[in-house]
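Chemist: Pasting in a structure now, in structure tokens, and then I'll have a few things to ask.
The values are calculated or read from the model by the stated rules, or taken from the named source; none is laboratory data. Quantities reported herein were computed from a predicted structural model and do not represent experimental measurements. When we count neighbours, we look across all protein chains shown, and the Cβ atoms used for this are built from the backbone with ideal geometry, even at glycine. Areas reflect the complete protein model, heavy atoms only, side chains present, ligands, DNA and RNA absent. Shrake-Rupley method; radii C 1.70, N 1.55, O 1.52, S 1.80 Å.
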Amino acid sequence: MSIHIAAKAGDIADKILLPGDPLRAKFIAENFLEDAVCFNEIRGMLGFTGTHKGERVSVMGTGMGMPSISIYAHELITEYGVKKLIRVGTAGSLSADVHVRDLVLAQAAATTSRIIRNDWPEYDLPQIADFTLLDKAYHIAKGLDLTVHVGNVLSADLFYSNLFEKNLQLGQLGVKAVEMEAAALYYLGAKHQVQTLALMTISDSLVYPSEDTTAEERQNTFTDMMKVGLETLIAD
Ligand code: HPA
């Protein structure tokens, strides 16, 4: 057991899907995993291990933001030996050609956070996805006929930010979307030499604020992203 996760050694697979919302973790376990067993309930941050197409995989909530995902990803990697971590979340579009319900694969993540600078103050260290996972996820998404974008995202510390206009200008530099976790996950991947990837469906557009989704559409696009995440995790 680690400080924030109640699992015993061996209870967690070496591949994990990481939604922010613990109830999404439960949804994934109930709908996509066989023989799922809950390994964590501390702070309600539900985690499950089961099998998908015969392969052992886990799924666990991370909470919102870089401090929260950093705690869970650190413990999963260093205490439970997890080697492949794929975040599945939502993001706000910063780009005119990225619309609600589209899938974004974060090739890299810029950040307003000091999480990486705390360790490496002299450097602007790009935070990048594991290329093997990115390549697999891209081809799996294309195979499912999904609208998929690959590029830079912004991992912000604040959801309610006075940087709204500046964030939007990043769209002109090719930054596809804003979310709150990828840069920290990628940093931990680099730090511990494990594979990390962040997938996101666009839940809102900062470019076209009137673009909207129904609850049912959100559920369907979320389900498509789950498929991409799980297939990528178990691909050879
Ligand atoms: N900002 C930050 N994170 C997000 C957003 C957003 O607009 N939408 C979904 N996650």
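Chemist: Which numbered condition in (1) surrounded by fewer than 22 Cβ atoms within 10 Å (Cβ to Cβ); (2) on the phi < 0 side of the Ramachandran plot; (3) in contact with a strand residue (DSSP E or B) (Cβ under 8 Å, 6 or more places away or on another chain) is the only one that residue 101 fails?
Modeler: (2)
Chemist: In the list 196, 214, 132, which residue meets the criterion of being more than 13 Å from the ligand (Cβ to nearest atom), surrounded by fewer than 19 Cβ atoms within 10 Å (Cβ to Cβ) and under 20 Å from the mean Cα position of the chain (by Cα)?
Modeler: On the way: 196 fails: surrounded by fewer than 19 Cβ atoms within 10 Å (Cβ to Cβ); 214 fails: under 20 Å from the mean Cα position of the chain (by Cα).
Going through 196, 214, 132 in turn, just one is more than 13 Å from the ligand (Cβ to nearest atom), surrounded by fewer than 19 Cβ atoms within 10 Å (Cβ to Cβ) and under 20 Å from the mean Cα position of the chain (by Cα): 132.
Chemist: Looking at region 30-46, which of its residues are in a strand (DSSP E or B) and either in contact (Cβ under 8 Å) with a residue 24 or more places away in the chain or under 18 Å from residue 9 (Cβ atoms) (or both)?
Modeler: Start the filter on region 30-46 by keeping residues that are in a strand (DSSP E or B), which leaves 34-40.
If the condition is that a residue be in a strand (DSSP E or B) and either in contact (Cβ under 8 Å) with a residue 24 or more places away in the chain or under 18 Å from residue 9 (Cβ atoms) (or both), then 37, 38, 39, 40 are the ones that fit.
Chemist: Additional query: Here are some conditions: (1) more than 16 Å from the ligand (Cβ to nearest atom); (2) under 14 Å from residue 103 (Cβ atoms). Residue 203 meets all but one. Which one does it not meet?
Modeler: (1)
Chemist: Since residue 147 meets every condition but one in (1) over 15 Å from the mean Cα position of the chain (by Cα); (2) modelled with pLDDT under 95; (3) open to solvent by 30 Å² or more (accessible area, probe 1.4 Å), which condition does it not meet?
Modeler: Every condition holds for residue 147 apart from (2).
Chemist: Given (1) open to solvent by less than 60 Å² (accessible area, probe 1.4 Å); (2) closer than 29 Å to residue 214 by Cβ; (3) away from the ligand (no atom under 16 Å from the Cβ); (4) among the charged types (D, E, K, R), where does residue 87 come up short, assuming only one miss?
Modeler: Answer for residue 87: the failing condition is (3).
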